[in-house]
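Computed from the coordinates by the stated procedures, all read-outs in this text should not be read as laboratory data. Since this is a predicted model, take the numbers as computed values, not measurements. Glycine gets a Cβ as well: all are built from the backbone with ideal geometry, and neighbour counts include every protein chain shown.
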Amino acid sequence: MSSVSVIVRNLKRHMNGWVALSVLGAFVALLPSLYIFIGLFQQPNDNWQHVKEYVLKDSVIQSLWLVLGTGTFTVVIGVTLAWLVAAYDFPLRRFFNWAFVLPLAIPPYIAAYTYGSMLSYTGSIQTFMRNTLGSTPNQSYFDIMSMKGAIFIFTLFLFPYVYLITKTFLEQQSSAFIENARLLGKNSLHIFFKIVLPLSQVAIIGGASLVAFEVLNDFGVTKHFGISSFTTAIFKTWFGMYDVETAIRLAAWLMSIIIGLFVVERLLRKRKRYNSPTSKMNPLKRRKLRGFPAYAALFLSILIFSLSFLIPVVQLIIWATWTYQDVLNAKFAELVANTLSVSILSIVVLMLFAVIAANVSRASRRSTFTLILTKLLAMGYSIPGAVLSIGVLAVFISLDSQLSGLYLWLGWGTNKLVLSMSLIMLMFAYVIRFLAVGFNAVEAGFEKIGTRYSEASRLLGMGMTRTFFKVDLPLIKGALLTGCILVFMEIVKELPLTLLLRPFNFETLATKTYQYASDEQIHQAAVPSLFIIAVGMLSVFVYHWLGEKHSK
Amino acid sequence: MRKKYSFGTLLVTLMALLVLAGCGSSPAETKTANPESPKKDAAATTDKEKVVNIFTARHYDSDSVMFDEFTKQTGIKINEIKGTAEELVERMKREGESTEADLFITVDGGVLNYAKQNGVLQPIQSEQVDKNVPKQLRDTENNWVGLATRARVIVYAKDRVKPEQLSTYEDLASDTWKGKVLARSSSSLYNQSLLASFVELNGEKAAEQWAQGIVNNFARQPEGGDRDQAKAIAAKVGDVAIMNTYYVGKMLHSKDAEEVKVGQNIGVFFPNQDTTGAHLNISGVGLTKHAKNKDNAIKLIEFLTGKEAQTMLTQGSYEFPVNEAADKPELLKQWGTFKTQQLDFAKLGEHNKKAVEILNKVGWK
């Protein structure tokens, strides 16, 4: 049977309001990406030859190193900590349980500037060694602005993606397998390698792919550290050679690579789904660590937490005490309010679409049609923010010119740029950009509960919508919240889209931080940075508190 | 009961949320759309006279101070959208005649020219501006005028290098400086403009040889910003660095005592005084082609290039003022006068692409 007829059949079988809405959503979300993608089919200009010859190979290799290095270390650290926290009791475990999520509140580019300054010749560490200990150490020990340094930064500030998703999975999903293994007398190491790792493969890959996308999209860290990654190549082509076309062509290639990754990821986990064999979901019982193992766990936790949160934050606080008088003023309150309102509004819209798409994808049992659909929906995540913003702008400006008749009729004058001068454009961009984050979280939630509850419900005659509200929604509440928190932190940190698509006079904490940091005023950047971090901390805290309440 | 959670309910909820989202954004929207909104035809003039909309790639707090002063003096409100220069040009291009932007401000002559070439600017007609800004710091057709200049010079370790050893940018590529030269990465527009100036002055081949020579002489792979190069001199990683002058001013006045020390231990050398002169970068402002508040915009340009604003600007940023009448900070006076490259800034923009190609080719990271 041809694949076309399969698709048509699937389409007919699953066509309902849910599907219609996600098709519509996918179409709208797709427009900017489509605009970028068309770049691949246009005749390349002369610059392309130059870029291919001198830029492409190196940038692909550098990006590959970044992704592989960061991917490996985030998985090692994320999974180890997730397993430690989920399966064992050790001193301060309750604190680290949520504290390990905190590094997400620090945007990697702020971390890069902070560590860069801290470790520099005039930074606190070398200054101390020089002025107090009287020794001038070899500079190469402190040279963080390198490939190794970038992997270090990305690992420390992105591992929570792996940690969070894996931990949630282990805590709620794996108890039956692990307890059985324990009953059968297997030791911890055996359980970790033979059961935990294979079992949580889906969660780990999900987390690691988020990390990979973040790394591929990053511009701040790579630019500051002088790494010629794929994204820096895009920007250099655009800003240096003044060639948007070639830049977009590069972006289209990057996008294709990432879609490839999506497909590979999907193939990898297609046959590997582990739902708990019983309908009872027992949370994993933690074992108490004593003696040396307890100290080792505590030491490891303190080490990671210090490097990925405590040290940079303390440094930022010190800098903030130098500059807060210049930076904190009435305008600053507006920054905070702007940041919060635009994030929250965007999240509401985004999560709604994420849930609809994930539900459709699940109900159709991952048919090719919905697989493509949901992946398209998530495509915005694969385009560098600044390039996506060009796509979004193009769409909105043409939309505005289509609607100019309506504006006139409404008595708004001949003003043609209404939507593209409003916050709606920025929110739209946020939604496209981070839909994948929300979708992944919701999907993981569905994955966890399996399909038997909803199948039972459907069997008993309930419709898809009713089943969703009565059965699914209460079960995935946790995943939904995780999604909201992750998206929230992403938006608060987001930079290129906000820089380009915001309306007049609309500053956010991120744009202000970047403004200072890029002008090499890292001390002034400390205050808005700390606010971003505080907002992130608060949401982690709220999330954790809700989770605790829910589990009681 | 069955109908309670119908698909329709979901749809309605969704719509409601979207509307809500729209409303939520409306206060900011009305605020920002104001200059162009309903009253356009009738009561327009009074309302319109009070605004200038700026797309700017300059992000200094000292700029806001100048803008506030302008508003205080004239009652004209200033709205800003900040961003990267190239992105802003792209945006103006796409917005066409509907654009809200009246002025475009950026920190590089090349980009100003890029904006001009893309047809988003128009001539600034003002005798006052012509008087404030010397001809060399204005576009040939007055599509843009300079606001401030910054010299990209050679900075050296006072304890290890004697100024007599230094002469030209070209000399930095000679074997004398093997393993001693520091510079930031080639994504930096400042490096691109510097190389573009060599393409114009010395020709493409010589420019490429120079870039290759610098890469061969690097003390380490390019990393960090300009200040990081100064710190690397203090840390003895290298002896000489290519840097913008105003960073030295900012380091000397830093709140971080260690940075001040670094600033004190480095010397500023203005190269090529016997030949082509030191390389200048220009910060400038252009009037957009479809500016809707043209008169106010020109008033603002006149103000920004006037003595008072020029003094405020240079005191805050340690850039060189374009208006000779401005009071310069003590440090700039100490540096004295120096010979600068005599070339049309538009050339920097024209050669920028070539410069980037060369930088890619010689492997300047």
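Within the stretch B:138-264, antiparallel bridges make up roughly 65 percent of the DSSP beta bridges whose residues both belong there. Reported to the nearest whole Å, the Cα centre-to-centre distance from the stretch A:62-124 to the stretch B:212-226 is 30. Working ranking of peptides B:228-240, B:201-213, A:93-105 by packing, defined as the average number of other Cβ atoms within 10 Å per residue, highest first, is B:228-240, A:93-105, B:201-213. Couplings 3J(HN,Hα) of the stretch A:70-85, computed from phi: 5, x, 4, 5, 5, 5, 4, 6, x, 6, 4, 5, 4, 5, 4, 6 Hz, in residue order, whole Hz [Karplus 6.51 cos²θ - 1.76 cosθ + 1.60, θ = phi - 60°; x for Gly and Pro].
Pairs from the table (A:236/B:365; B:339/B:365; A:236/B:361) lying more than 20 angstrom apart at Cα are B:339/B:365. A cut-off under 13 angstrom between Cβ atoms defines the neighbours of residue B:161, and their net charge, with Lys, Arg +1 and Asp, Glu -1, is +1. Choose one answer from B:341, B:73, B:273: the residue with the largest mean-square fluctuation in a GNM of chain B with alpha-carbon springs under 10 Å. Taking springs between Cα atoms under 10 Å, the residue moving most is B:73.
Descending by average beta-carbon neighbour count within 10 Å, the peptides A:440-450, A:314-324, A:283-293 line up as A:440-450, A:314-324, A:283-293, the highest first.
Here the contact order of the stretch A:38-155, divided by its residue count and restricted to Cα pairs under 8 Å and six or more residues apart, works out to 29 percent. Between the stretch B:154-208 and the stretch A:139-206, how far is it from one alpha carbon centroid to the other, in angstrom? Taking the Cα centre of each part, the stretch B:154-208 and the stretch A:139-206 sit 48 Å apart. Rounded to the nearest Hz, the phi-derived 3J(HN,Hα) couplings of the stretch B:347-361 under the Karplus curve 6.51 cos²θ - 1.76 cosθ + 1.60 (θ = phi - 60°) are 4, 4, x, 4, 8, 4, 4, 4, 4, 5, 4, 4, 4, 4, 5, where x marks glycine and proline. Packing order of peptides A:331-341, A:39-49, highest average first: A:331-341, A:39-49 (average count of other Cβ atoms within 10 Å over each peptide's residues). Just to be sure I follow: if Rg is taken over the C-alpha atoms of the stretch A:10-112 and Rh is the Kirkwood radius over the same atoms, what is Rg/Rh? My calculation of the ratio gives 1.17.
Shape class for the stretch A:169-208: oblate, because the ratio a/c of the largest to smallest gyration tensor axis (alpha-carbon atoms, square roots of eigenvalues) is 1.5 or more and b/c is at least a/b. Would you work out if the stretch A:105-257 is rounded, prolate or oblate? Take a ≥ b ≥ c from the square roots of the eigenvalues of the alpha-carbon gyration tensor; rounded if a/c is under 1.5, else prolate when a/b is larger than b/c, oblate otherwise. Because a/c hits 1.5 or more and a/b fails to exceed b/c, the stretch A:105-257 counts as oblate. For peptide A:50-63, the mean count of partner chain Cβ atoms within 10 Å of a residue's Cβ comes to 2. Among the listed pairs A:223/B:354; B:72/B:299; A:493/B:255; B:294/B:328, those whose Cα-Cα separation exceeds 19 Å are A:223/B:354; A:493/B:255; B:294/B:328.
Take each residue in B:226-233, count the other chain C-beta atoms within 10 Å of its C-beta, and the mean is 4.
Residues in the stretch A:310-320 carry Karplus couplings, in order, of 4, 4, x, 5, 4, 4, 5, 5, 4, 4, 4 Hz; the curve used is 6.51 cos²θ - 1.76 cosθ + 1.60 with θ = phi - 60°, and Gly or Pro positions show x. For peptide A:223-229, what's the mean number of Cβ atoms from other chains within 10 Å of each residue's Cβ? Mean partner-chain Cβ count within 10 Å for A:223-229: 6. Sort the stretch B:82-159 into rounded, prolate or oblate with this rule: let a ≥ b ≥ c be the square roots of the eigenvalues of the Cα gyration tensor; rounded if a/c is under 1.5, and if a/c is not under 1.5, prolate when a/b is larger than b/c, oblate otherwise. Since a/c reaches 1.5 but b/c is at least a/b, the shape of the stretch B:82-159 is classed as oblate.
Over all other residues within a Cβ to Cβ distance under 13 Å of residue A:108, the charged ones net out to -2, with Lys and Arg as +1 and Asp and Glu as -1.
Of the DSSP beta bridges with both residues in the protein assembly as shown, give the percent that are antiparallel, rounding to the nearest 5. Antiparallel: roughly 65 percent of the beta bridges in the protein assembly as shown.
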